[in-house]
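Everything below concerns the one structure shown next.
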Amino acid sequence: GAVVSQHPSWVICKSGTSVKIECRSLDFQATTMFWYRQFPKQSLMLMATSNEGSKATYEQGVEKDKFLINHASLTLSTLTVTSAHPEDSSFYICGANTGGNEQYFGPGTRLTVT
Amino acid sequence: AQTVTQSQPEMSVQEAETVTLSCTYDTSENNYYLFWYKQPPSRQMILVIRQEAYKQQNATENRFSVNFQKAAKSFSLKISDSQLGDTAMYFCAFMKITASKLTFGTGTRLQVTL
């Protein structure tokens, strides 16, 4: 199956700093990538959809200036959490579509803001 | 907008037994895809099985099969010969044909016991 990687797997940052999370499709080109947030024991909540070379589409209630998404190539999308606060602590997962209407997911990034 | 409902927050099954996880959805679309994803304790999302709505035949992948009832908007997952490695959260998900965005249910936590 298609492989998606995420880096880092766990990051701790201080309040007020920014942190970048990378999502890469390793063996396929992903024209569309997705960023999700997952709270403990809850489902995945879609934050935004990113298409290569264009601006991301954010879901209602997601602050686009706080969660910056860049999809610079067909294999790389990044999520930058700007001016992070403790309430931004969460598990972030990226998904990538193969083009065949199947979405594959990265292993996730645990963000802890102190 | 689409909604996906999983009415069983938790289920338990003994090893080697069969278990069925329920999922219902609401949509005005005629053509769409349905998926079951598994999220084990590692939190890596794994695609278990997919179903195209225009196909009447139920999808099967080894020990996993679905019962797709389009008129009833029901999409249950049957796991046969349950194994300890099947212990995970299971998410039902919906995707429109015209869009690659997934809508997830709230999940069912499955525990396989000896």
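The values are calculated or read from the model by the stated rules, or taken from the named source; none is laboratory data. Given the structure is predicted, the values throughout are model-derived calculations rather than measurements. All Cβ positions, even for glycine, are placed from backbone atoms using ideal geometry, and neighbour counts span all protein chains on display. Surface areas here come from the heavy atoms of the whole protein model, side chains and all, with no ligands, DNA or RNA. Shrake-Rupley method; radii C 1.70, N 1.55, O 1.52, S 1.80 Å.
Return the average number of partner chain Cβ atoms within 10 angstrom of each residue Cβ along peptide B:95-107. Each step should come with its number before you reach the end.
Values: counts 4, 1, 1, 0, 3, 16, 9, 8, 3, 7, 1, 3, 5.
Other-chain Cβ atoms within 10 Å of each residue's Cβ, averaged: 5.
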Can you pull the accessible area of A:Arg110 for me, 1.4 Å probe, Å² to the nearest 10?
90 Å²
Phi angles of the range A:101-114, converted by Karplus (6.51 cos²θ - 1.76 cosθ + 1.60, θ = phi - 60°) into ³J(HN,Hα) in whole Hz with x for Gly and Pro, give 6, 10, 10, 10, 10, x, x, x, 10, 8, 9, 10, 10, 9
Tell me, which cysteines of chain A are without a disulfide-compatible partner by the Cβ under 4.7 Å rule?
A:Cys13
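Do you know the relative contact order of chain B, to the nearest whole percent, from alpha carbon pairs under 8 angstrom that are 6+ apart? Don't skip to the end; give the middle numbers.
On the way: 283 pairs, mean separation 43.0, N = 114.
Taking the mean separation of contacting Cα pairs over the length of chain B, I get 38 percent.
May I ask you to derive the relative contact order of chain A, considering only C-alpha pairs under 8 Å and at least 6 residues apart, and to give it as an integer percent? If you can, show how the numbers build up before the last one.
Values: 293 pairs, mean separation 42.6, N = 114.
Worked out over chain A, it gives 37 percent.
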Violating pairs (Cα-Cα greater than 31 angstrom) within the set A:Lys66/B:Lys78; A:Lys66/B:Lys70; B:Lys78/B:Lys101; A:Lys20/B:Lys101; A:Lys20/A:Lys41:
A:Lys66/B:Lys78; A:Lys66/B:Lys70
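Could you report chain A's accessible area per residue, 1.4 Å probe, as an integer in Å²?
Values: 5430 Å² over 114 residues.
Spelled out: the 1.4 Å probe surface of chain A, per residue, equals 48 Å².
When DSSP beta bridges are limited to those with both residues in chain B, what percentage is antiparallel, rounded to the nearest 5? Provide the component values of the computation, followed by the final result.
Values: 35 of 40 bridges.
Antiparallel: roughly 90 percent of the beta bridges in chain B.
When Cβ neighbours within 10 Å are restricted to other protein chains, what is their mean count per residue of peptide A:99-105? Can you show the working numbers first?
Values: counts 1, 2, 10, 6, 11, 3, 8.
Whole-number average of other-chain Cβ neighbours for A:99-105 is 6.
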A:Ser9 neighbourhood, Cβ < 12 Å, K/R = +1, D/E = -1, net charge +1
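Given an 8 Å cut-off on Cα distances and at least 6 residues of separation, report the relative contact order of the range B:1-56 as a percent. Each step should come with its number before you reach the end.
On the way: 58 pairs, mean separation 16.6, N = 56.
Result for the range B:1-56 is 30 percent.
Going from most exposed to least, what order do B:Trp36, A:Trp10 have by accessible area with a 1.4 Å probe? Provide the component values of the computation, followed by the final result.
Working: B:Trp36 0, A:Trp10 160 Å².
So the residues, ranked largest to smallest area, are A:Trp10, B:Trp36.
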